[in-house]
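The structure appears below as structure tokens.
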Amino acid sequence: METGTEMAAEQEGGALPRQNGRASEPAAATRKKKPQGWKCMPFIIANETFEKAASFGVAANLTTYLVKRFNIGQLQATNVTNIFFATLNFTPLLGAFISDSYLGRFKTLACGCFATLLGILGVTLTASLPALKPELCNQTSQLGGHCNSPSTLQLGVLYLSLGLLTIGGGAIRPCSLPFGVDQFDQTDEKSRKGLNSYYNWYYSTSTAALVFSMTVLIYIQTNISWAIGFGIPTFFMFSAIIIFFAGARLYVHVPPEGSIFSGIAQVFVASFKKRRLNLSCSHDINKPELMLYNPPTRGNRIFRLPLTSQFRFLNKGAIMRDDDINDDGSARNSWELCSIQQIEEVKCLIRIAPICFSGILCFVAMAQQFTFIILQAFTMDSHLGPHFEIPAGSVVSISLIALTVFIPIYDQLMVPLARKLTGLEGGITLLQRQGVGLVISPISMVVAGLVEHKRRDSALSNGGHVAPC
């Protein structure tokens, strides 16, 4: 899930420096209040940890809840879960746009926290109030499809609650990590070192929250009570809001700086409007810069992207005409004139687009953990010893455990060996690492298919039920 965008990006806030309007000024230049650095971190990290445990405490076991307690068929439950996670991974794009353009990160985070609380509370009510949940059905009837279906009211409350969760996730994911970064003065060396520690703590506590949700909370939901299992995340989310606002007086509030999406659109619009203008045919890349808009960098930014000939048609957006420049040297209309820096940043995005799209294959495989893998676990013997049974929803935690075990093995054993063979500091390049992952992803699905084939044959030969296939 964070499967984030996470942690797309997450992912969540790694926007390129912007060149349009106010967006060209670094965030540090807009601050009027001195950043408090680590004084703010207990509030921000605790908020993220409790929020992650709360929201994932509902999402991780959603398929099980829909099938086992809400009497929804396995195919429909799979569709609902897939739509929920797809929407949850899309709404951060909208949340980032609203945050960057209108509300700012603090207000967007606050709205997202309240939306998430209402969503989790709604799901908790569907598990607690008799009027909002269908009658309990035994396992035999569930497998045979003979249970009472949920009413329109019950489904409406459930879907509304899931919708609020996606809205909350869309607001929190793109803002939580960058909001913490805003609290550090990046012009100070000591503060920059503290920022590295912040990243480590942020991801460590988030991972711990995910593990807790996929083990303890799922066990409580499956074996003790759905109402208690969802009530705990509700309490967590309420605590997250209290902690977040407790540190409000310490926070630095960076005003909206303009969305990166607007800057991307401006490059394409300006290039299209000037499509009939001619660029210099010189093969010297530096020479055309003399006739293109290339204002000096402002604020603390010292790195400049050089003009390139790749995607050369976009360079037309920087061609200067007599009426394009104000007296102070700024662009009169950002939709008709873009800087070389802005254009080169868009080119960078275009270059990495194939890499991003190739990752779809990997995430399609990962998404099966929350649907068909759980449905498989329903019909398998998941006992560890005579007294303990692994809940079907906790099967997802195996990937996190495997990741925790593999990372130190890769770092301490495989990287040094690969370094000797390739001479590269990291052993292999980042693209090669991603390529290996893309190869392994379909292999994992082949293994899952073989397991399902064996499980299905075993069920048929022993007179058992053959769901989910």
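General observations
- Any hit, region 414-422, residues being outside the structural domain of Ala448 (by TED's automatic domain parsing) and among the small types (Gly, Ala, Ser): no
- Region 418-448, subset farther than 29 Å from Val396 by Cβ and charged (D, E, K, R), residue surrounded by the most Cβ atoms within 10 Å (Cβ to Cβ): Arg419
- Of all the criteria given as (1) more than 19 Å from Phe50 (Cβ to Cβ); (2) surrounded by 18 or more Cβ atoms within 10 Å (Cβ to Cβ); (3) among the β-branched types (Val, Ile, Thr), the one not satisfied by Ile218 is (1).
- For Ser128, the conditions (1) at pLDDT below 90; (2) within 18 Å of Gly57 (Cβ to Cβ) are fulfilled apart from (1).
- Selection within region 429-465 - among the charged types (D, E, K, R) and either farther than 22 Å from Phe372 by Cβ or within 23 Å of the chain's Cα centre (by Cα) (or both): Arg433
- For region 402-440, the set of residues classified as small (Gly, Ala, Ser), in a helix (DSSP H, G or I) and modelled with pLDDT under 85 consists of Ala402 only.
- Test: residue in region 310-324 that is modelled with pLDDT under 85, under 21 Å from Asn278 (Cβ atoms), surrounded by 13 or more Cβ atoms within 10 Å (Cβ to Cβ) and not assigned by TED's automatic domain parsing to the domain that holds Glu389: yes
- Within region 378-401, being part of a helix (DSSP H, G or I) and more than 18 Å from Tyr65 (Cα to Cα) holds for Ile398, Ser399, Leu400, Ile401.
- Taken over region 394-453, the criterion of being under 21 Å from Ala365 (Cβ atoms) and among the basic types (Lys, Arg) is satisfied by Arg433 alone.
- Single condition Ser358 does not satisfy, out of (1) under 30 Å from Lys68 (Cβ atoms); (2) under 18 Å from the mean Cα position of the chain (by Cα): (1)
- Of the helices (runs of 4 or more DSSP H) that lie entirely inside region 1-109, those containing 3 or more residues that are at pLDDT below 90 and surrounded by fewer than 22 Cβ atoms within 10 Å (Cβ to Cβ) span 27-30, 74-98.
- Given (1) within 26 Å of Ser213 (Cα to Cα); (2) of a type in the set (A, V, I, L, M); (3) out of contact with any Ser or Thr (no Cβ under 7 Å at 6 or more places or on another chain), number of the condition Ala392 does not satisfy: (3)
The values are calculated or read from the model by the stated rules, or taken from the named source; none is laboratory data. Computed from a predicted structure; not experimentally measured. Here Cβ is always computed from backbone atoms with ideal geometry, including for glycine, and neighbour counts include all displayed protein chains.
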